[in-house]
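Here is the structure we will look at, set down as structure tokens.
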Amino acid sequence: MLAAVMAGVTAVGLAASDRESGGLQDRTARTEARVTKNPLHGNADAIRDGGTKFRSRCAGCHGPDARGYIGPDITGLWASGDSDERIFGIVRRGVPGTEMTPADPLRVPDREIWQILAYLATLRAAPSTPSSGDAQNGEQIFRANCSSCHMVNGRGGQLGPDLSRVGSGRPRAVLLNKIRGRSDNVRPGYEAVTLVTRDGQRIRGVKKNEDEFSIQIVDMRERLQGYLKANLTEILTEPRTVMPAYSAGQLNDRALDDLLQYLGTLRRTDSERR
């Protein structure tokens with residue numbers, strides 16, 4: 001009887017060992033299958049096809065020359081120390097909190113991403129311009145004028161987008177035009193809207209959700225509010241955000257330069273880089 005029990009224990013132990021060994025082999029295989037270098041680097045056909053895909057899928061944000069438009073300049077990724085593997089991961093997984101959405105593997109196979117990266121690797125990085133402005137003073141300007149609506153590293157308001165990594169997501173010129181009110185680009189989820197109630201009250205805020213019968217907004221006091229459309233006489237959607245334009249009289253060029261210098265320091269953290 002004891003021998004039978006011991007035989008059973010041994011069989012179970014061997015089976016568990018086999019499962020653990022098999023699991024280890026699977027994990028090892030997955031690790032070995034991980035691609036760290038672009039397999040299409042320098043391939044003329046891949047570069048040509050990657051350029052075509054970039055212009056149709058990426059240029060709307062990064063510009064036709066990849067030097068930035070709504071999104072950042074991406075001509076100098078490798079020069080800044082990024083690896084093929086990391087850049088591939090950004091394209092595949094996207095960047096949370098930005099317009100950089102994940103590339104669905106069912107629609108965008110790995111090969112197409114590698115083609116685009118092969119094309120980008122052929123582009124010459126845009127010449128760097130000397131930075132100017134006092135970032136320390138720019139942070140003080142930000143705290144006084146912007147933090148009531150924008151959060152940075154967990155501190156600030158939520159009426160506008162989180163700017164914790166805006167320095168890596170927006171070119172300086174785009175930020176300048178936004179602050180001066182010369183940009184009509186509106187990030188999805190931050191469209192300005194004014195609701196008019198039946199008693200004539202006007203409620204302005206940021207539209208968050210809407211269906212056939214109701215609308216949900218965050219009002220200017222950062223309160224999430226829901227309204228039945230039956231109780232409204234008008235819903236006025238504005239082609240802009242609730243962010244005010246700052247003229248030179250409100251924010252002079254030197255102060256703006258300091259603010260832009262500070263915003264440029266807001267980039268990914270060391271843990272995100274790893």
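The values are calculated or read from the model by the stated rules, or taken from the named source; none is laboratory data. Quick caveat, the model's predicted, so the values are computed rather than measured. Ligands, DNA and RNA are excluded from the accessible area calculation, which covers all protein heavy atoms including side chains. Shrake-Rupley method; radii C 1.70, N 1.55, O 1.52, S 1.80 Å.
A few comments on the model shown:
- Measuring with a 1.4 angstrom probe and ignoring ligands and nucleic acids, Asp65 comes out at about 80 Å² accessible.
- Once backbone amide H atoms are built at 1.01 Å from N, Lys208 has Gln216, Ile217, Val218 as its partners under 5 Å, excluding neighbours fewer than 5 places away on the same chain.
- Global form of segment 85-162, assessed from the alpha-carbon gyration tensor, a/c cut-off 1.5: oblate
- Ordered from highest to lowest accessible area with the whole protein assembly present and a 1.4 Å probe, Arg107, Arg180 read as Arg107, Arg180.
- Accessible surface ranking that places the most exposed of Trp78, Trp114 first, with a 1.4 angstrom probe: Trp78, Trp114
- When Leu263, Leu228 are compared by accessible area of protein heavy atoms, the largest-first order is Leu228, Leu263, using a 1.4 Å probe.
- Per residue solvent-accessible surface (Å²) - segment 144-236, probe of 1.4 Å: 57 Å²
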